[in-house]
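Engineer: Structure below; questions to follow.
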Amino acid sequence: MNFTQSALGLAAKGFRVFPLFGISPFGCTCGNRECKSAGKHPIIGQWPSLATSDPAQIRSWGEMFTQANVAILTGHEGLLVIDIDDPTCPLAGQLLPKLPATLGVKSGREGGLHRYYYADPGLALSANAFG
């Protein structure tokens, strides 16, 4: 699935999306062969304010950035993503069964996954809240 198809599907569910550099056989499409965030950093500047669910903008990005990955704007309107790099760690084993079923995707890391939730927008959240 390409950027446009994936991004339009997410936008139809109400997510605001933006393009990330992709990954080619030579590494990150940003051109830096030493890139430490291959396929995980934004192509566009000001991405927090430019993230959108507008189909016309998404199609435009898809035409400009043919190898782009899709990112979802998180921390907006209560959207919370739990990124579990190792589902076998004790904390994941304790936490996951207590959480309700939700949308989830496999992450780029072997065995990793992301789970998507909505929290009270007034709740103070931070990255790496569990260490």
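Every number here is computed from the coordinates shown, using simple stated rules; none is lab data. None of the values given here were measured: they were computed from a predicted structure. Cβ placement follows ideal geometry from the backbone for every residue including glycine, while neighbour counts extend to all protein chains displayed.
Engineer: Add +1 for every Lys or Arg and -1 for every Asp or Glu among the other residues with Cβ under 15 Å from the Cβ of Phe15, and state the total. Mind dumping the intermediate values first?
Structural biologist: Details: positive: Lys13, Arg16, Arg115; negative: Asp54, Glu77.
Its environment carries a net charge of +1.
Engineer: Can you pull the Rg over Rh of the range 53-114, Cα-only, Kirkwood?
Structural biologist: Details: Rg = 15.4 Å, Rh = 14.1 Å.
With Rg and the Kirkwood Rh in hand, the quotient comes to 1.09.
Engineer: How big, on average over all directions, is the shadow cast by the Cα convex hull of the range 14-128, in nm²? Don't jump to the answer; show the numbers that get you there.
Structural biologist: Details: hull surface 34.6 nm².
Reported value for the Cα convex hull: 8.7 nm².
Engineer: Moving to a separate point now. Using amide H atoms built 1.01 Å from N in the peptide plane, name the residues 5+ places from Val17, or on other chains, whose amide H lies under 5 Å from its own.
Structural biologist: Thr52, Ser53, Leu73
Engineer: Could you calculate the FRET efficiency of Ser60 with His114 from 1/(1 + (r/R0)^6), where r is the beta carbon distance between them and R0 is 30 Å, rounded to 0.05?
Structural biologist: Working: r = 26 Å, r/R0 = 0.87.
About 0.70, to the nearest 0.05.
Engineer: How many Å³ per residue does the convex hull of the Cα positions in the range 1-77 occupy? If you can, show how the numbers build up before the last one.
Structural biologist: Numbers: hull volume 6.6 nm³, N = 77.
Measuring per residue, one finds 86 Å³ for the Cα hull of the range 1-77.
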